[in-house]
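Comments concern the structure below.
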Amino acid sequence: MTLLDGKAVQQTVLERIKETVEGMSEKPGLAVVLVGEDPASQVYVANKEKACTKVGFYSEKIELPATTTREELLAVIDRLNRDTKIHGILCQFPLPQSLKEVEDEVIRRIDPRKDVDGFHPVNVGELATCTRDACRTGLIPCTPKGIMVLMQEYGIELAGKHAVVVGRSNLVGKPVSLLLLAEDATVTMTHSKTNNLAQVIQMADVVVAAVGKPEFVKGEWIKPGAVVIDVGINRTDHGLVGDVEYEAAKEKAAFITPVPGGVGPMTIAMLMDNVMKAFGRSK
Ligand code: NDP
């Protein structure tokens, strides 16, 4: 069994970006908007800032109170859309309860050229209609893209393989299914209404678990020699746990991501990569 070490690949990606940025007179800029005081969001934003510093980007953190109104938040987005120092804008979700309904509006308000999360319908549309090359150059959501780059770094061949994606969220399940399809995998997207999920997973050469339930995918469901990508981040009394029953699954898998240290670090690396892309496209 080979561990898919997202931390190590993250370092390689960040090093590569840092070297490129060192030679640039104008630096790519990322603005991160954080509304309220959700502790998990604060950790994610701090990690993103750390990565920005590491690669030498210009970065701005805009912290707004939970009492921020829809109009105030949209005005911040508009200002960042106009700011020429900023090439990427990210608004950390979830927004506080009072702004929950505004999330979709925020996604649509960000200039698609600065949408480094890849959530704007223009970028989602490009991903849905893209060829394999376009998939590599577009602003693609960071977690799905990180999963693909991680497998690529380990030389995992996807053409003709049966990939089973568990989960169909706009954030992970749907976009990763499209990317797998673009790499010529045969893709089955499953969800909470899927019948006989265990049997479906037993046929998978590649399993991507993005469910949000600790150890939901059982080790005994994994086909010997499969590639197992665990996207889940579940905080439990025993610490961070993925969506896959790791100890049992690693006995069957040929490749598996640890939690933490697998997909998570790749998400940050791909955010930096998207900022570079957005910067390049702005020129
Ligand atoms: P969502 O809650 O948006 O989606 C979960 C998906 O799982 C849904 O499509 C749901 O199906 C499906 N599901 C729920 N129960 C079952 C079931 N019993 N059988 C089959 N499918 C089921 O979650 P996200 O996609 O946003 O995130 C998934 C996990 O990944 C979370 O733990 C999250 O924290 C983590 N995550 C990690 C990231 C990283 O960087 N490592 C980044 C983003 C997320 P249905 O649509 O039918 O309800």
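The values are calculated or read from the model by the stated rules, or taken from the named source; none is laboratory data. Predicted model only: the values in this text are computed from it and were never measured. Please note: Cβ atoms are built from the backbone with ideal geometry, for glycine as well, and neighbour counts cover all protein chains shown.
Observations, loosely collected:
- Positions within segment 199-214 being surrounded by fewer than 21 Cβ atoms within 10 Å (Cβ to Cβ), free of Cβ contacts under 8 Å to residues at least 40 places away in the same chain and within 25 Å of residue 170 (Cβ to Cβ), in sequence order: 200, 213, 214
- The set of residues in segment 159-182 being away from the ligand (no atom under 16 Å from the Cβ) and in contact with a strand residue (DSSP E or B) (Cβ under 9 Å, 6 or more places away or on another chain) consists of 160, 161, 162, 181.
- Qualifying residue in segment 135-156 (condition: charged (D, E, K, R) and more than 20 Å from residue 272 (Cβ to Cβ)): no
- Pick from segment 250-283, criterion among the small types (Gly, Ala, Ser) and away from the ligand (no atom under 16 Å from the Cβ), ranking: surrounded by the most Cβ atoms within 10 Å (Cβ to Cβ): 253
- Scan of segment 47-104 for residues that are polar (S, T, N, Q), surrounded by fewer than 19 Cβ atoms within 10 Å (Cβ to Cβ) and within 23 Å of residue 139 (Cα to Cα), ordered by number: 47, 53, 81, 84
- Just one of (1) hydrophobic (A, V, I, L, M, F, W, C); (2) out of contact with any strand residue (DSSP E or B) (no Cβ under 7 Å at 6 or more places or on another chain); (3) outside any loop (DSSP other than H, G, I, E, B) fails for residue 24. It is (3).
- Boolean, residue 156 is out of contact with any Gly (no Cβ under 8 Å at 6 or more places or on another chain), of a type outside the set (Phe, Trp, Tyr), at pLDDT 95 or above and more than 16 Å from the ligand (Cβ to nearest atom): yes
- Pairs with Cβ under 7 Å, 6+ apart, first in segment 163-176 and within 18 Å of residue 126 (Cβ to Cβ) and assigned to a helix (DSSP H, G or I), second more than 6 Å from the ligand (Cβ to nearest atom) and not hydrophobic (A, V, I, L, M, F, W, C): 175/141; 175/144; 176/144
- If you filter segment 77-105 down to residues that are over 23 Å from the mean Cα position of the chain (by Cα) and among the acidic types (Asp, Glu), you find that the one that is nearest to residue 40 (Cα to Cα) is 78.
- Residue 149 touching an Asp or Glu at 6+ places or on another chain (Cβ under 9 Å), under 22 Å from residue 30 (Cβ atoms), within 16 Å of the ligand (Cβ to nearest atom) and touching a residue at least 60 places away in the same chain (Cβ under 8 Å): yes
- Selection from segment 204-242 of residues that are part of a loop (DSSP other than H, G, I, E, B) and closer than 16 Å to residue 177 by Cβ: 204, 205, 210, 211, 231
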